[in-house]
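Worksheet for the structure shown next.
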Amino acid sequence: MALALDLGAIDQPAESIATAVAEAELVVLAGPIRAMPELLRATGLAAPADCVITDVASVKAQVMRWAEQELAAGAHFLGGHPMAGSDRQGMAAASVDLFAGCTYCLVPTSAHALAVGQQLVAAVGARPRVLAAPEHDAAVAAVSHLPFVVAAALMEAVGSELSGLAGELAAGGFRDTTRVAAGSVEMHADICQYNAPALLERIEHFEAALSRLKAQLSAVPQEARERGEHQPAQRQLDGLFQAARAARLEWAARHGAAQL
């Protein structure tokens, strides 16, 4: 709390949730996913009846179920997830423009909650995207949760090599591909647990894609490689990489250079 005061992140400290939310119009819960039931319960007991309670968790369906269980009927809850962040943690890593230009997902339970949430999104410079919780969880499993799992698996596969020559030669490609593996262990463990069905489906898709690539690479005879011959299997490999390149460029063009 002392650091938050020094940074200007808060105006006054509170020793308890009850004290903090007693006169609140909007409460943002930014704790670990596993802490949400307790945070929702404590906030719901102390916040005014017309207060909007929202969260920033990376999984929405489970949090929405907890909100329904822990908050009184008619409470104004708004599921929220700003699609922004970094591998850095803690108050000292805070950034004033973290949400500028990002997509901010909103899963409303009332018109009032949505209206207040849209004001919040506008205030931090983000773009609101209203959607259903299952729709959100399926999408982020593909583009947020799977990339972390892949980065973690890659670090497990090559981590022992990094103390030697491989670590000396590792550069931008390795750094960019594995960056998210340095993020919060607790946060990502929660994500994997509470979005497991959607994530498992995406892992199966990834395993299938990796198996196809492995099969095409294995199909090129060693003799042909040594002779420099362009085999059908090599052309298939070229096609796979070309399709991946085209999809990446199309996505970047559609969503702007900032996504690169």
Relative exposure of L7, L120, judged by other C-beta atoms within 10 Å (fewest first): L7, L120
Cα centroid separation - the stretch 14-55 against the stretch 195-220, whole Å: 41
Using the 10 angstrom Cβ neighbour count as an exposure proxy, how do V140, V52 rank, fewest first? V140, V52
The chain: relative contact order in percent, alpha carbon pairs under 8 Å with at least 6 residues between: 14
Have a look at the DSSP beta bridges in the chain and tell me what percent are antiparallel, nearest 5. 30
Which of (i) 14.1; (ii) 12.5; (iii) 17.4 gives mean projected area of the Cα convex hull in nm² as computed here? It is (iii)
Computed [θ] at 222 nm, deg cm²/dmol, the chain (DSSP H ≥ 4; -39,500 (n - 2.57); rounded to nearest 500): -16500 deg cm²/dmol
Lys/Arg Cβ at +1, Asp/Glu Cβ at -1, dipole of the stretch 1-80 taken about the Cα centre: which of A61, A4, L26 is farthest positive-ward? A61
Of the chain, which part is the longest with no GluC sites (Glu not before Pro) in a loop (DSSP not H, G, I, E, B) and with at most 11 other C-beta atoms within 10 angstrom? 26-228
Dipole of the stretch 2-131, Cα-centred, from +1 at each Lys and Arg C-beta and -1 at each Asp and Glu C-beta, to the nearest 20 debye? 520
Just rank I10, I33, I191, fewest to most, by other beta-carbon atoms within 10 angstrom. I10, I33, I191
Using a simple charge model, +1 on the beta-carbon of Lys and Arg, -1 on the beta-carbon of Asp and Glu, nothing else, what dipole does the stretch 134-260 show about its Cα centre, in debye to the nearest 20? 460
Counting other C-beta atoms within 10 Å, and keeping those with at most 12, which DSSP coil trypsin sites (Lys or Arg not before Pro) do you find in the stretch 25-111? R88
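Rule-based calculations on the coordinates, nothing more; no lab input. Keep in mind it's a predicted model, so treat the numbers as computed, not measured. Note that each Cβ is placed from the backbone with ideal geometry, even for glycine, and that neighbours are counted across all protein chains shown.
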